[in-house]
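Enquirer: So that we are looking at the same thing, I have put the structure below in structure tokens.
The values are calculated or read from the model by the stated rules, or taken from the named source; none is laboratory data. Predicted, not measured: the structure shown is a model, and the values here were computed from it. Cβ sites come from the backbone with ideal geometry, for glycine too, and all protein chains shown count toward neighbours.
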Amino acid sequence: MTASKPILLALDADTRRTGWAVFEDYAVAQSGVITFGATRAGTAQQRIECLIAALDEVAARFRPAEVALSSPSGLRWEVPALALLESELAAWARRSGLPLTAYPVAQIRREVAQHPRAPAPALAFAVMTALDMVGTAKSTHEWEAIAAGAYHLSRTGAAAG
Amino acid sequence: MGGLPILWYQEFAVSRFVLRGCPRCGGDLFLNEGDWQCLQCGRYWFNRRPQAAAPSAFLSFWRERAGHTDGGPSAAEEKSA
């Protein structure tokens, strides 16, 4: 059996809605969504700055030891806002002294829901059955973040034996 | 219409497109990395079935965490026996 793990912060980052989940000892301790409503919709840079500020609050509250990130994949064209988001998140993790591991969404879906383009409900169902969370009400972004965290834990936990 | 005609297209398609082949909206399908995708509604029609027989490393890990495995006793149960 694997030993207890330090606190992990998992993110499903986006410039408008970011799901986050905190894992403590291989269980979801808390999760939530950082949103930016239409009234606050500014430029991508402004939204990312708001996201970073919100992440600082989450990190201060839970004091995670590492961060797992679900990053968009499969896009065959460059999306400047997403590139900016990834670089800003990497910079935030460096500033906070948190090791950041990013996994492509397709890789997480393939491993968790058995298909790289599995729809969101299938991913949520696979996660809730694997983590014994059936019946828990969470949003799509939270399930995505939980999937990223659970995938990271399964990789690091299996590697540690 | 179900998914069956699309599987048939996959067998005999000479190009990467099936005009008006989407069972949902009637849009044109194109072959995207082994799966058909509708150009009109964006829906994917998967050719491959989930591999339920071979659980991924992810599922194996979390099943072990939950203390049970498919069909056999868990490590804890084996120890206590």
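Enquirer: What is the number of the single condition among (1) in contact with a strand residue (DSSP E or B) (Cβ under 7 Å, 6 or more places away or on another chain); (2) not in a loop (DSSP other than H, G, I, E, B) that A:ARG117 does not meet?
Expert: For A:ARG117, the exception is condition (2).
Enquirer: Can you find a residue that is more than 21 Å from B:SER60 (Cβ to Cβ) and in contact (Cβ under 8 Å) with a residue 12 or more places away in the chain anywhere in region A:149-160?
Expert: No - not one qualifying residue is present in region A:149-160.
Enquirer: Within region A:109-127, does at least one residue satisfy the condition of being at pLDDT 90 or above, surrounded by fewer than 14 Cβ atoms within 10 Å (Cβ to Cβ) and out of contact with any Asp or Glu (no Cβ under 9 Å at 6 or more places or on another chain)?
Expert: Looking through region A:109-127, none of the residues is at pLDDT 90 or above, surrounded by fewer than 14 Cβ atoms within 10 Å (Cβ to Cβ) and out of contact with any Asp or Glu (no Cβ under 9 Å at 6 or more places or on another chain).
Enquirer: If only one of A:LEU84, A:LEU153 is away from chain B (no Cβ under 14 Å), among the hydrophobic types (A, V, I, L, M, F, W, C) and assigned to a helix (DSSP H, G or I), which one is it?
Expert: The unique qualifying residue is A:LEU84.
Enquirer: Just to check your reading of the model, which residue among A:SER87, A:SER154, A:SER71 is among the hydroxyl-bearing types (Ser, Thr, Tyr) and surrounded by fewer than 16 Cβ atoms within 10 Å (Cβ to Cβ)?
Expert: Being among the hydroxyl-bearing types (Ser, Thr, Tyr) and surrounded by fewer than 16 Cβ atoms within 10 Å (Cβ to Cβ) holds for just one of A:SER87, A:SER154, A:SER71, which is A:SER87.
Enquirer: Among residues belonging to region A:97-138 that are in contact (Cβ under 8 Å) with a residue 60 or more places away in the chain and within 14 Å of chain B (Cβ to nearest Cβ), point out the one that is nearest to A:PHE23 (Cα to Cα).
Expert: A:LEU131
Enquirer: Here's another thing I want to ask about it. Across region B:19-39, what is the number of residues that are under 15 Å from the mean Cα position of the chain (by Cα) and part of a loop (DSSP other than H, G, I, E, B)?
Expert: Total meeting the criteria: 2.
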